[in-house]
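*Asks:* Sharing a structure with you now.
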Amino acid sequence: MKRALLAVDAFIDSSMYEGGRLSLAILKAIAAFSDRLHVSGVRKALIDLTCEGLNLSIVGLLAVLALAQPAYRLTSDEDWLKRQDLAVTFLDRYGVEVGRRGIKHDDAIPFDELPDHFIKAVLATEDRRFFDHFGIDVIGTMRALTVNAHAGGVVQGGSSITQQLAKNLFLSNERSISRKINEAYLALWLEHHLTKKQILGLYLDRAYMGGGAFGVQAAAQYYFGKSARDINLPEAAMLAGLFKAPTKYSPNVNLPAARARANDVLSNLVDAGFMTEGQVYAARRNPATPVSQSTDTSPDWYLDFAFEEVKTLADSGKLGVDRVLTVRTGLDTGLQAKTDAVLEDMLRVNAPAYNAHQAAAVVADTDGLVRAMFGGRDYGESQYNRATDAARQPGSSFKIFDYMTALLTGKYHKDTTVQAGGICIGDYCVHNFGGESGGAMPLYQALAQSYNTAAIWISVKIGEAYWPAGKPYHQAKIAELGRSKIIETARKMGLTTPLIDTVSLPVGADEVKMIDMVGANAMLANGGKRATPYAAIEIRNSQGKVIYTHEANGTPPVQVLPADKVAEMNNIMTHVLTEGTGRGAQIPGLVISGKTGTTNGPTNAWFNAFTGNLVGSVWYGNDDNSSMTGSMQGGALPAQTWREIMTYAHQGLETKPPFGVPPLANAQIAAAPSAKGGAGIVEAPRQLGLSSKSAHIIIEIGDYARSAEKHGGIEPAARYASDAEGGVAVVRAGATSP
């Protein structure tokens, strides 16, 4: 045993010795080889720089790959191009066509059939190096950056046609760095998968060209009453000038500006070498003249919202394989026109005094069906929908979630005493508007007067209601628990944006979307049922077959909040208008529940409110988030705007109070006072609207009539009778209307 152990020890010792000797020999060999590669001086500096460059390149490539992932996900579907080729005709709530979106499958023009002078005009104006660059025009981008830097603002764009197509196909109109990054990656992807002609053809088919027209064929028909195949050089120049600013240069809006822009396009043709001055001379002397159009405006914000909903339904497989669809929406054209007129008037006359340059508004039924939408002051300049896409701080309008959560604890009611005095949680000390301290007061008064301190106190009290008995008191932890319950309530009521848990969350520090706030307020208005905003009531395929109805296939209106707590909340919110910050929105004869909201700066001013009939949201602010004047509050211009729109909206309706709120006796709707003075507005009365059920009945009558005419005419006897919410609709032989 001793000899065996001695042998093992000797083996280990010799092995380690030999291993060390071999390792030393290898190291000496490496050192000798390295000595042969030794450099110094300038060569060493160059090699060091090269090594660092390689390291940085590897890191950069990894970063590029990470940034590209969102863009790659957008193109993961092999059927991506077919998904974009929806052709949708939209009808209003009464079945009247109001617009189209997508590709016109029935009259699309092949790229090779478009006039050569039109193609040259587009390229000369939009992207002269289109056939030379790889999707991103580096030279054009650098030139645009230089010009914009000298001008001190954005006067020239640097996006290539491929980048613009990428935005139209895959992205929203959101103004953000992430969107520009995705746009660049998608442009490279498109260049790899499509030919230059295909890219240009798709761009010309999808670009917005004013007047609700998408694509060159629709624009040629709209402005000149002819096919794009037949447009002459002056008309081609005028159409090519629309891509930059469709509303500003629309010949139906400003013909002198459109002709001046067309003249610039003709100059671009000469500068690019596509034509000579002699070839464009006649077009300069004889500019294009558009055909006359009706004064009706297209409800583009609403149609974009509805089209996104249809695309979502199509992507989910709910609409089958047909790409040609007809969608009946909840659009109320009279109310839409009134909403547009009120907002445009306010932005032109009243808002400049507050340094407010943008606005948004949504009006919906209490089940979430959107009736009207205003996404910004100029659709042609920017198709970014501030009503559906913009995330903004809601200010005190967020407090509905604080107070609803407090009611859900069962420990708080309308007259429960709450604190509105000063409070600090850690380093955060909240202040009220004007710096005053409220002291103790009833809960309804704290909401009506919009005390910030009360909202923070309530978040603490909510946490106390759920704090385990016997656990040591810790105010910050308790407040955090309370805020988690508020976030839970906000999610139940429909908020979809990220809600970051900070101590200022109860006073509206986190960003929300207007469309989500409309859904949350609609839930209160209808008694606590889910009310996700939607536009599509019914969808038919190209054969006229109904393939989707919201009633049968949409989100079911499940009860989310207890009805008794919703009724209590609605009663509390009426005090905002009767004695609080929302008094400017009062409408004689209507019971209204609502909440104002104003953020620091102020940068945002909101008013959200509802009756038992309709829900409305109004926002004012600026796209660059710059401050308005200090006198701008949610109870000022937003409340006045809401009042004017809703006064019109409720004309002819059997008005109802919000859920659980007692009605007014002998309620009558008075005319809205003018925003320019105290006198009432003299305006045409609102055309009486039909309920969705009544409208559906009339559409069924139309379907029957068309079918009967196809198969031999309508029989003389009465063919249709149905209870239409208290009335009877009957079609008889010879009747001119139901």
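*Asks:* Would you confirm, using the coordinates I've provided, whether Gly463 is part of a helix (DSSP H, G or I) and out of contact with any strand residue (DSSP E or B) (no Cβ under 7 Å at 6 or more places or on another chain)? It would help to see each step written out before you state the result.
*Replies:* Numbers: part of a helix (DSSP H, G or I): yes; out of contact with any strand residue (DSSP E or B) (no Cβ under 7 Å at 6 or more places or on another chain): yes.
The answer is yes for Gly463.
*Asks:* Next question. Kindly indicate whether any position in the stretch 457-467 is in contact with a Lys or Arg (Cβ under 9 Å, 6 or more places away or on another chain), surrounded by 24 or more Cβ atoms within 10 Å (Cβ to Cβ), over 30 Å from Ser176 (Cα atoms) and aliphatic (A, V, I, L, M).
*Replies:* Yes, that holds for at least one residue.
*Asks:* Gly135: in a loop (DSSP other than H, G, I, E, B), at pLDDT 75 or above and open to solvent by less than 30 Å² (accessible area, probe 1.4 Å), yes or no?
*Replies:* Numbers: in a loop (DSSP other than H, G, I, E, B): yes; at pLDDT 75 or above: yes; open to solvent by less than 30 Å² (accessible area, probe 1.4 Å): yes.
Considered against the rule, which asks whether it is in a loop (DSSP other than H, G, I, E, B), at pLDDT 75 or above and open to solvent by less than 30 Å² (accessible area, probe 1.4 Å), Gly135 comes out as yes.
*Asks:* Of all residues in the stretch 531-549, how many are under 23 Å from the mean Cα position of the chain (by Cα) and of a type in the set (Val, Ile, Thr)?
*Replies:* Going through the stretch 531-549, the residues under 23 Å from the mean Cα position of the chain (by Cα) turn out to be 531-539.
Checking the rest, the ones that are also of a type in the set (Val, Ile, Thr) come to 532, 537, 539.
The number of residues fulfilling the criteria is 3.
*Asks:* How many of the residues in the stretch 361-379 are open to solvent by less than 20 Å² (accessible area, probe 1.4 Å) and out of contact with any helix residue (DSSP H, G or I) (no Cβ under 9 Å at 6 or more places or on another chain)?
*Replies:* Residues flagged as open to solvent by less than 20 Å² (accessible area, probe 1.4 Å) and out of contact with any helix residue (DSSP H, G or I) (no Cβ under 9 Å at 6 or more places or on another chain) within the stretch 361-379 amount to 0.
*Asks:* Further question on the same structure: With the requirement that a residue be touching a Pro at 6+ places or on another chain (Cβ under 7 Å), under 21 Å from Ser298 (Cα atoms) and assigned to a helix (DSSP H, G or I), what does the stretch 235-260 give you? Give the steps one after another, and end with the answer.
*Replies:* Restricting attention to the stretch 235-260, the residues satisfying the condition of being touching a Pro at 6+ places or on another chain (Cβ under 7 Å) are 236, 238, 251-252, 258-259.
Filter once more, so that each one left must be under 21 Å from Ser298 (Cα atoms): 238, 251-252, 258.
Within the stretch 235-260, Met238, Ala258 meet the criteria.
*Asks:* Of the residues Thr555, Thr603, Thr574, which is within 30 Å of Leu91 (Cβ to Cβ), in contact with a Ser or Thr (Cβ under 6 Å, 6 or more places away or on another chain) and polar (S, T, N, Q)?
*Replies:* Values: Thr603 fails: within 30 Å of Leu91 (Cβ to Cβ); Thr574 fails: within 30 Å of Leu91 (Cβ to Cβ).
When all the criteria are applied, what remains is Thr555.
*Asks:* May I pose another question? Counting only residues that are among the charged types (D, E, K, R) and assigned to a strand (DSSP E or B), which one in the stretch 533-561 is surrounded by the fewest Cβ atoms within 10 Å (Cβ to Cβ)? Let's see the steps before the verdict.
*Replies:* Kept after step one, since they are among the charged types (D, E, K, R), are these residues of the stretch 533-561: 538, 540, 545, 551.
The next check asks that each one be assigned to a strand (DSSP E or B); those that pass are 538, 540.
Details: Glu538: 21, Arg540: 19.
By that ranking, first place goes to Arg540.
*Asks:* Output the residue which, of all residues in the stretch 429-454 that are aromatic (Phe, Trp, Tyr) and under 32 Å from the mean Cα position of the chain (by Cα), is nearest to Leu577 (Cα to Cα).
*Replies:* The initial filter retains those residues of the stretch 429-454 that are aromatic (Phe, Trp, Tyr), namely 433, 444, 451.
Of the ones still in play, those that are also under 32 Å from the mean Cα position of the chain (by Cα) are 433, 451.
Numbers: Phe433: 18, Tyr451: 15 Å.
So the residue we want is Tyr451.
*Asks:* Look through the stretch 520-569, keep the residues that are at pLDDT 95 or above and of a type in the set (Asp, Glu), and return whichever of them is nearest to Pro658 (Cα to Cα).
*Replies:* If we take residues in the stretch 520-569 being at pLDDT 95 or above and of a type in the set (Asp, Glu), then Glu568 is nearest to Pro658 (Cα to Cα).
*Asks:* Evaluate the stretch 82-104: report whether one residue or more is surrounded by 16 or more Cβ atoms within 10 Å (Cβ to Cβ), touching a strand residue (DSSP E or B) at 6+ places or on another chain (Cβ under 9 Å), modelled with pLDDT under 75 and in a helix (DSSP H, G or I).
*Replies:* Yes, the conditions are met somewhere in the stretch 82-104.
*Asks:* Could you look through the stretch 304-325, keep only residues that are in contact with a Leu (Cβ under 7 Å, 6 or more places away or on another chain) and under 24 Å from Met373 (Cα atoms), and pick out the one that is most open to solvent (accessible area, probe 1.4 Å)?
*Replies:* If we filter the stretch 304-325 for residues that are in contact with a Leu (Cβ under 7 Å, 6 or more places away or on another chain), which is where we start, we get 310-311, 313-314, 319, 323, 325.
Okay, now just the ones that are also under 24 Å from Met373 (Cα atoms), so 310-311, 313-314, 325.
Values: Val310: 1, Lys311: 44, Leu313: 19, Ala314: 16, Leu325: 2 Å².
Looking at residues that are in contact with a Leu (Cβ under 7 Å, 6 or more places away or on another chain) and under 24 Å from Met373 (Cα atoms), I get Lys311.
*Asks:* Taking the stated definitions as given, is Thr497 part of a loop (DSSP other than H, G, I, E, B) and either at pLDDT 95 or above or within 19 Å of the chain's Cα centre (by Cα) (or both)? Explain how you work it out, then say what you get.
*Replies:* Details: part of a loop (DSSP other than H, G, I, E, B): yes; either at pLDDT 95 or above or within 19 Å of the chain's Cα centre (by Cα) (or both): yes.
Spelling it out, Thr497 is indeed part of a loop (DSSP other than H, G, I, E, B) and either at pLDDT 95 or above or within 19 Å of the chain's Cα centre (by Cα) (or both).
*Asks:* Need pairs with beta-carbon distance below 6 Å; first residue assigned to a loop (DSSP other than H, G, I, E, B) and within the stretch 433-458, second of a type outside the set (A, V, I, L, M, F, W, C) and open to solvent by 40 Å² or more (accessible area, probe 1.4 Å); sequence gap 6+ or separate chains.
*Replies:* As it stands, the answer is Ser437/Gly422; Ser450/Thr581, since those pairs meet every condition given.
*Asks:* Cβ-Cβ below 6 Å, separation at least six or inter-chain, first residue in the stretch 176-202 and within 12 Å of Thr162 (Cβ to Cβ) and at pLDDT 85 or above, second open to solvent by less than 30 Å² (accessible area, probe 1.4 Å) and not in a helix (DSSP H, G or I): which pairs?
*Replies:* From the stretch 176-202, the pairs are Ala187/Gly135; Leu188/Gly135; Trp189/Thr75; Glu191/Gly135.
*Asks:* Additional query: Contact list please: Cβ distance under 6 Å, first residue in the stretch 54-78 and surrounded by 10 or more Cβ atoms within 10 Å (Cβ to Cβ) and in a helix (DSSP H, G or I), second residue at pLDDT 85 or above and aliphatic (A, V, I, L, M), pairs at least six apart or on different chains.
*Replies:* Final answer for the pair search is Ala71/Leu186.
*Asks:* Right, Gly528: within 28 Å of the chain's Cα centre (by Cα), buried (at least 24 other Cβ atoms within 10 Å of the Cβ) and more than 24 Å from Ile425 (Cα to Cα) or not?
*Replies:* yes
*Asks:* OK, next. Going by the structure shown, is Tyr384 farther than 24 Å from Arg583 by Cα, touching an Asp or Glu at 6+ places or on another chain (Cβ under 7 Å) and in a loop (DSSP other than H, G, I, E, B)? Break it down stepwise before answering.
*Replies:* Values: farther than 24 Å from Arg583 by Cα: yes; touching an Asp or Glu at 6+ places or on another chain (Cβ under 7 Å): yes; in a loop (DSSP other than H, G, I, E, B): yes.
Yes.
*Asks:* Next up: Quickly run through the stretch 211-225 and pick out the residues that are in a loop (DSSP other than H, G, I, E, B) and over 17 Å from Ile119 (Cα atoms). Working first, answer last.
*Replies:* Step one: list which residues in the stretch 211-225 are in a loop (DSSP other than H, G, I, E, B), which gives 211-213, 215, 225.
Selection gives Gly211, Gly212, Ala213, Gly225.
*Asks:* For the stretch 333-376, which positions are closer than 18 Å to Met628 by Cα and among the hydroxyl-bearing types (Ser, Thr, Tyr)?
*Replies:* Within the stretch 333-376, Tyr354 is the sole residue that qualifies.
*Asks:* For the stretch 392-401, indicate whether the set of residues that are in a loop (DSSP other than H, G, I, E, B) and open to solvent by less than 10 Å² (accessible area, probe 1.4 Å) is non-empty. Steps first, please.
*Replies:* Residues of the stretch 392-401 that are in a loop (DSSP other than H, G, I, E, B), as a first pass: 393-394.
Restricting the remaining residues to those that are open to solvent by less than 10 Å² (accessible area, probe 1.4 Å) gives 394.
Scanning the stretch 392-401, I find at least one residue that is in a loop (DSSP other than H, G, I, E, B) and open to solvent by less than 10 Å² (accessible area, probe 1.4 Å), so the answer is yes.
*Asks:* Pairs, please: C-beta under 6 Å, at least 6 apart or cross-chain, first residue more than 14 Å from Met404 (Cβ to Cβ) and in the stretch 482-500, second of a type in the set (Val, Ile, Thr) and surrounded by 14 or more Cβ atoms within 10 Å (Cβ to Cβ)?
*Replies:* Once the first residue is more than 14 Å from Met404 (Cβ to Cβ) and sits in the stretch 482-500, its partners that are of a type in the set (Val, Ile, Thr) and surrounded by 14 or more Cβ atoms within 10 Å (Cβ to Cβ) give Thr497/Val512; Leu499/Ile487.
*Asks:* Within the stretch 606-646, can you find the residues that are open to solvent by 20 Å² or more (accessible area, probe 1.4 Å) and under 13 Å from Ser397 (Cβ atoms)?
*Replies:* Within the stretch 606-646, Gln633, Gly635 qualify.
The values are calculated or read from the model by the stated rules, or taken from the named source; none is laboratory data. Model, not experiment: these values are computed from the prediction. In this analysis, Cβ positions are derived from the backbone assuming ideal geometry, glycine residues included, and neighbour counts consider all displayed protein chains. Ligands, DNA and RNA are stripped out before the accessible areas are found, and what is left, the full protein with its side chains, is counted by its heavy atoms. Shrake-Rupley method; radii C 1.70, N 1.55, O 1.52, S 1.80 Å.
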